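**Q** Right, I'll just put the structure down here and ask away after.
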Amino acid sequence: MEGVIRDPRYWLSLALLVGVIVVAVVKDGDGGGASEAKGSPTATVTVAPTPNATATAAVELDQKRAEDLAAIASILEEYRAAHGSYPSTKDEFGTVCDMPFDSGCQLLSTSWKLPRNDGTYPYWWRSTGKAYTLFTRVETPLANNGCTVTTPPALAGLNLMCRNGGTR
C-alpha cells in the first residue's frame, strides 16, 4: 500500500476526482440534480464576496459613473457648440434620455454613445439652456460631490456625484 500512495498517478487521480465533485456541487448549486435519490445528503458551497472585493466593485462602479458624467458633459458641450445652447429641462429635473421623450434625448442628435444610466439607475440632469447640472448616485460618499444646486427628489438621501457646466 505504501508504494501506491507515493505514486504520483494516485494523487493525480484523487485530485481529478475531488475536482469533478467540487465542480458538480458548485454547478448544481443546491445539490438537487434530477438523478439524485430522495433523501440523499447534499453539499452546498457558498462563496461570499470578500469585503475588499465588494469595496473594489463599488469603487469601479463609481469610476464608471464619473466617466459617464464626463462623457455626457462632453456631448452637452458639442450640442451647445452646434445649437448655441444646451437642451433645456426648463430648470426641472429629468433623466438623461431614460424615457424616449426626455429632453436629454436631444443629445442623441450629437452622439449615439450617450450614457443614459449606470446599468441599473438612470442619470439625472437639470438645465436652463445656459447651464446644467448632471447627477448620479454613488456607492461611496464624496467629500466634495460637486452638487451646488438642489438635487432631484428621486435621489434624496443617497450619496451623490454632480457635474456642472455653463453659466447660471
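**Q** Given the Cα-Cα distance of residue 57 and residue 149 and 0.36 nm per residue of separation, how much length would full extension add, in nm?
**A** 30.3 nm
**Q** How would you order 114-127, 147-160 from highest to lowest mean count of nearby Cβ atoms within 10 Å?
**A** 114-127, 147-160
**Q** Scan around residue 160 for amide H atoms under 5 Å from its own, H built in the peptide plane at 1.01 Å from N, and keep only partners 5 or more places away or cross-chain.
**A** Residues meeting the amide H criterion: 138, 142.
**Q** Pop out the ³J(HN,Hα) list for segment 149-158 in order, Karplus 6.51 cos²θ - 1.76 cosθ + 1.60 with θ = phi - 60°, rounded to Hz; leave Gly and Pro as x.
**A** Result, rounded to whole Hz: 10, 4, 9, x, x, 5, 10, 4, x, 9.
**Q** Measuring from a point 7 Å past the Cα of residue 130 along Cα-to-C-beta, which residues in segment 152-168 have an amide N at less than 18 Å?
**A** 164-168
**Q** Here is a further query. At what distance in nm do the modelled label points of residue 113 and residue 85 sit from each other, each positioned 7 Å from its Cα along Cα→Cβ?
**A** In this crude spin-label approximation the distance works out to 2.9 nm.
The numbers here are math on the coordinates, done by the rules we state, and not lab data. The structure displayed is predicted, hence computed values, not measured ones. Please note: Cβ atoms are built from the backbone with ideal geometry, for glycine as well, and neighbour counts cover all protein chains shown.
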